[in-house]
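Each remark here refers to the structure printed beneath this line.
The values are calculated or read from the model by the stated rules, or taken from the named source; none is laboratory data. Keep in mind that what you see is a predicted model, and the values were worked out from it rather than measured. Counting neighbours? That spans all protein chains shown, and the Cβs are built from the backbone with ideal geometry, glycine included. Just the protein is used for accessible areas: all its heavy atoms, side chains included, with ligands, DNA and RNA removed. Shrake-Rupley method; radii C 1.70, N 1.55, O 1.52, S 1.80 Å.
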Amino acid sequence: MNKKILGIGLGILVSVGTVFASGGQQSGRAAASASKGLVGVLMPTRSEERWIKDGDAVKAGLEQLGYTVELQYADDDIPTQVRQLEDLITKGAKALIIASIDGSSLSNGLAEAAAAKIPIISYDRLLMRSSNVDYYVSFDNYKVGQQMGEILIKGMNLDSPAKKPLIIELFAGSPDDNNSVGFYDGAMDKLKPYFDNGTLLIGSGQQGRDVVGTLRWDAAEAMKRMENLLSAYYTTQTLDGILSPYDPISLSCLEACKAVGYGTAGKPLPVVGGQDCIIAACKSILAGEQYATVLKDTRSLGAATVTLVDNILSGRTPTGLDTSSYHNGSKIVPSLLLDSVIVTKDNLISTVVDTGYHTAAELGL
Ligand code: BGC
């Protein structure tokens, strides 16, 4: 499988502060002055904590610079997002920031936007199979996947395992989201040596993104799959770890495990990581249940996107972009890739609470 075509390569990490030669001003200009134009922001769903934080950060940043912002959520419904895109084009948006539901489903709208000379910024999820995508702002998704692998290596103590083999199950993200490729490949590349030397074994034998993927990142679907795996494969063996690409999937898997008796001294919960650093996952980590998560700071992603849009609309040429890693099937999309952080019980307070990502009160502290 050609990683380039699927948009995944080793993204070059760049620091937001060095991205633009003439960087965008974040403050000072009053919203009271005439609007600098409408910017449309499309987010996939309001039912996930992270997209609400993303939407709020982008909207507030753009409004502070004097833009009018229309922020729309599509309830994970593709036709709704298609309509929202067309609506914003009709309303004369000057730029569009899009986190897609299905990366390949917006091509007609993107072509219309391009014909109207509206710059398109693919937000966090790469818009696929369209040449009408101007920029991509995200995290280094392959590296995020590697971090998911590292979490299991450390949490399961794979370098000096308590027994051999340790038994694991794999979960992947939504098959229509290109990020799932980086997450899964990055993690599996990290875990491969441990499969090869017999330290790790997949209890059910189920692997491959097509087999272990979770459509629309649906935690209820993942819970059902975990329950089925536990009853089919774990009556005589014990599950030691779970690869999970998303906190709600991790928490659902842990629930399913508890329901069949895991979580005692004699039968500890499997080691599970996650992604997005949602409040419930942080609480679970502090309680010693979920082992870790990957924090992708939506505030940095929002700020980088705001700066990018302001530069484009002010006629400044964005610089410092990665122009080799993300091919969307039609073209290489110039990308701004931010860094992510592994969060465990040991550094949760310093990385999450002290930085204000979640407050102590939100975490019940
Ligand atoms: C994002 C993740 C998120 C997932 C589910 C992915 O595209 O990169 O941060 O957990 O979608 O919404």
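Pairs of Cα atoms nearer than 8 Å and 6+ residues apart set the relative contact order; for the range 29-136 it is 26 percent.
On the beta carbon distance between Ala361 and Ser330, with R0 = 56 Å, the FRET formula returns roughly 0.75. The stretch between Ala265 and Leu71, if pulled fully straight at 0.36 nm per residue, gains 65.1 nm over its current Cα-Cα span.
How much net charge surrounds Leu88 when only other residues with a Cβ under 15 Å from its Cβ are counted (Lys, Arg +1; Asp, Glu -1)? Computed value for this residue: +1. Based on every Cα atom in the range 124-167, Rg and the maximum pairwise Cα distance Dmax equal 17.3, 52 Å.
Put the Cα centre of the range 143-188 next to the Cα centre of the range 290-341 and the gap is 24 Å. Nearest 10 degrees is fine. How inclined is helix 247-259 to the longest principal axis of the chain, computing both from alpha carbons? It is inclined by approximately 20 degrees. In the complete set of protein chains, residue-level accessible area for Ser314 is approximately 50 Å², probe 1.4 angstrom.
In the assembled protein chains, Arg83 presents an accessible area of approximately 140 Å² (probe radius 1.4 Å). The trypsin sites (Lys or Arg not before Pro) of the range 109-157 meeting both criteria, a DSSP state outside H, G, I, E and B (loop) and at most 10 other C-beta atoms within 10 angstrom of the site's C-beta, are Lys117. Heavy-atom accessible surface of the chain, averaged per residue, reaches 39 Å², computed with a 1.4 Å probe. In the range 58-102, the ratio of gyration radius to Kirkwood radius, Rg to Rh, stands at 0.98 when only Cα atoms are counted. Applying 0.36 nm per residue to the separation of Ala280 and Thr235 and subtracting their alpha-carbon distance, the gain on full extension is 13.3 nm.
Taking every DSSP beta bridge that has both ends in the chain, the antiparallel portion is near 20%. Please work out whether the chain counts as rounded, prolate or oblate from its C-alpha gyration tensor, where a ≥ b ≥ c are the square roots of the eigenvalues and a/c under 1.5 means rounded, while otherwise a/b larger than b/c means prolate and anything else oblate? Prolate shape, in that a/c is at least 1.5 and a/b is the bigger ratio. Normalised by residue number, the volume inside the convex hull of the Cα atoms of the range 233-365 is 155 Å³ per residue. The value of relative contact order for the chain, using C-alpha pairs under 8 Å at least six residues apart, is 22 percent. Once you order the gyration tensor axes a ≥ b ≥ c over the Cα atoms, which shape class does the range 141-295 get: rounded for a/c under 1.5, otherwise prolate or oblate by comparing a/b with b/c? Because its axes are fairly even, with a/c under 1.5, the range 141-295 counts as rounded. Take each peptide in 50-57, 213-220, count the other Cβ atoms within 10 Å of every residue, and average; sorted highest first, the result is 50-57, 213-220. Give me the net charge of Ala116's neighbourhood, meaning all other residues with Cβ under 15 Å from the Cβ of Ala116; Lys, Arg count +1, Asp, Glu -1. That works out to -1. Computed with every protein chain present, the accessible area of Asp346 is close to 140 Å² [probe 1.4 Å].
Using a Gaussian network model of the chain whose springs link C-alpha atoms within less than 10 Å, name the residue from Ile120, Ile312, Ile168 with the highest mean-square fluctuation. Most flexible of the set in this elastic network: Ile312. Dividing the alpha-carbon radius of gyration of the range 236-280 by the rule-of-thumb value 2.2 N^0.38 Å gives 1.15. Note on the chain: with neighbouring protein chains present and a 1.4 Å probe, carbon and sulfur make up 54 percent of its accessible heavy-atom surface.
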